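Contents: one structure, followed by commentary.
The values are calculated or read from the model by the stated rules, or taken from the named source; none is laboratory data. Note that this is a predicted model, so its numbers are computed, not measured. So basically every Cβ, Gly included, is an ideal-geometry build from the backbone, and we count neighbours across all protein chains shown. With ligands, DNA and RNA removed, areas are computed over all heavy atoms of the protein, side chains included. Shrake-Rupley method; radii C 1.70, N 1.55, O 1.52, S 1.80 Å.
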Amino acid sequence: MFYQIIRLILYPFISILMMIGGKRGDFLKRRLKQDFSSLKSEEYIWVHCSSVGEINLSETLIKKLLKSREERILLTMFTDTGIGVARDKFGKDERVDIFYFPLDDKKSILTILERIKLNLLILVETEIWPNLITEVGKRAKVIIVNGRISDRSLKRYKKLSGYLRKVFLSIDKFYMQSDEDSRRIVEIGAQPERVETLGNLKFDISFQKYDDDEKRELRELFNVDGRKVFTAGSSRSGEYEILLETFKQLKDTILILVPRHIERTPQIEEIIKHYGFTYKKYSELEDRRERTDIIIVDKIGVLRKIYSITDIAFVGGTLVNIGGHSLLEPLFYGKTPIFGPYLQNVKEISKEILHLGLGYKVTNVDEFLKSITEIEKKQEGSVEKIRELFEKNSKTADKIIERLKNLK
């Protein structure tokens with residue numbers, strides 16, 4: 001009831017924002033003024049993701065659903081970047097309909113449910129939207145896959161556990177990433193018999209592989225010229241100083257900065273200028289391949305390819321209190337990741353990586369330099385361990401598909 005009252009209070013302000021337009025108004029219009037007439041009166045599975053990360057890790061599961069089931073897929077995304085990636089991956093599939101998520105608007109949800117014959121709703125990574133869950137729960141099965149509860153979310157959800165317990169009654173299964181996540185979802189209101197630990201879908205991501213020619217071309221574009229490649233992937237504000245201080249002490253190395261938010265490139269440029277390094281932006285490299293100390297990647301979607309030619313891989317969002325980004329991407333390409341102490345978003349994976357000696361946690365320049373030395377000594381022996389890690393954890397999507405066969 002409280003949730004619905006809050007929404008009713010906000011609706012007039014939302015309407016005004018949509019009338020005014022601008023960035024916020026357009027954001028709301030794209031989600032609340034959608035035309036769902038293209039949806040067919042057929043059986044569907046509704047898969048809801050939040051952003052790029054969720055659609056990437058769900059790709060294998062969605063493909064397996066399309067192969068093993070007869071229903072169409074309704075794929076909804078919260079963010080603009082997420083819907084762009086979803087369209088790139090599934091836009092040409094005639095059995096997949098892609099829309100923005102309508103911000104838990106009950107009227108929009110009911111419009112969708114009246115048009116389609118929904119059999120199943122799949123929520124990726126604990127996307128808890130009360131109206132969506134309760135309305136779908138009256139008509140179809142609802143499951144959470146790849147569920148996780150971060151430290152920050154746990155504190156917030158505990159305050160709402162009485163309300164969440166009622167919402168969770170409409171969820172048939174909670175397939176969580178780890179035993180800790182399973183314990184936490186029960187703590188905030190899920191019924192224990194509906195909760196199961198299945199593993200992390202991130203291990204089922206289909207990363208592109210690059211041949212020797214593609215790697216050589218990328219090295220030539222960066223003008224590596226025999227130097228080691230030091231890549232800082234998904235780097236964040238507050239991390240560049242320690243990265244540049246570390247880089248300053250490395251010889252025969254080129255630094256590739258791949259910021260999480262490319263719109264912050266101008267600020268990164270100022271920091272680099274302060275240190276006196278030469279640099280180029282990725283967008284400037286096509287016709288000018290001069291040798292430079294640092295390259296700032298001001299383009300989305302090239303980090304994985306860069307990891308494939310990397311000698312030293314740092315994963316950002318870990319030296320500042322963000323919680324970390326994908327540790328699996330460098331690992332997939334056989335690279336041992338270096339990361340900071342803030343790992344709440346990748347807690348279980350980071351624990352396993354550290355336990356297996358396949359990654360290094362650092363907090364300062366000295367530890368950074370020491371980890372680089374260790375990686376250079378052990379890199380060849382780590383490749384087999386990395387392969388075993390992926391084999392062990394690569395069947396989560398198959399487990400979900402199998403569970404769905406018996407979902408009643």
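A few points about this structure:
- Test: residue 97 is acidic (Asp, Glu), part of a strand (DSSP E or B) and either surrounded by fewer than 18 Cβ atoms within 10 Å (Cβ to Cβ) or in contact with a Leu (Cβ under 6 Å, 6 or more places away or on another chain) (or both): yes
- Considering only residues in the stretch 164-198 that are over 16 Å from residue 132 (Cα atoms) and of a type in the set (Val, Ile, Thr), the one that is surrounded by the fewest Cβ atoms within 10 Å (Cβ to Cβ) turns out to be 197.
- The stretch 187-215 residues that are among the small types (Gly, Ala, Ser), paired with ones that are part of a loop (DSSP other than H, G, I, E, B) (beta carbon under 7 Å, 6 or more apart): 199/177
- Selection count where residues are touching a residue at least 24 places away in the same chain (Cβ under 8 Å) and either touching a Lys or Arg at 6+ places or on another chain (Cβ under 7 Å) or of a type in the set (S, T, N, Q) (or both), scope the stretch 5-36: 2
- In the stretch 342-363, residue nearest to the chain's Cα centre (by Cα) [restricted to those that are of a type in the set (D, E, K, R), in a helix (DSSP H, G or I) and within 15 Å of residue 331 (Cβ to Cβ)]: 348
- Residue in the stretch 323-337 that is part of a loop (DSSP other than H, G, I, E, B) and without any contact (Cβ under 8 Å) to a residue 12 or more places away in the chain present: no
- Looking at 254, 306, 294, just one residue is at pLDDT 95 or above, open to solvent by less than 60 Å² (accessible area, probe 1.4 Å), touching a helix residue (DSSP H, G or I) at 6+ places or on another chain (Cβ under 8 Å) and closer than 25 Å to residue 385 by Cα, and that residue is 306.
- Flag if residue 161 is of a type in the set (Gly, Ala, Ser), open to solvent by 10 Å² or more (accessible area, probe 1.4 Å) and within 20 Å of the chain's Cα centre (by Cα): no
- Search result, residues across the stretch 219-238 that are buried (at least 17 other Cβ atoms within 10 Å of the Cβ), more than 30 Å from residue 398 (Cα to Cα) and either β-branched (Val, Ile, Thr) or in contact with a Ser or Thr (Cβ under 9 Å, 6 or more places away or on another chain) (or both): 222, 224, 227, 229, 230, 231, 236
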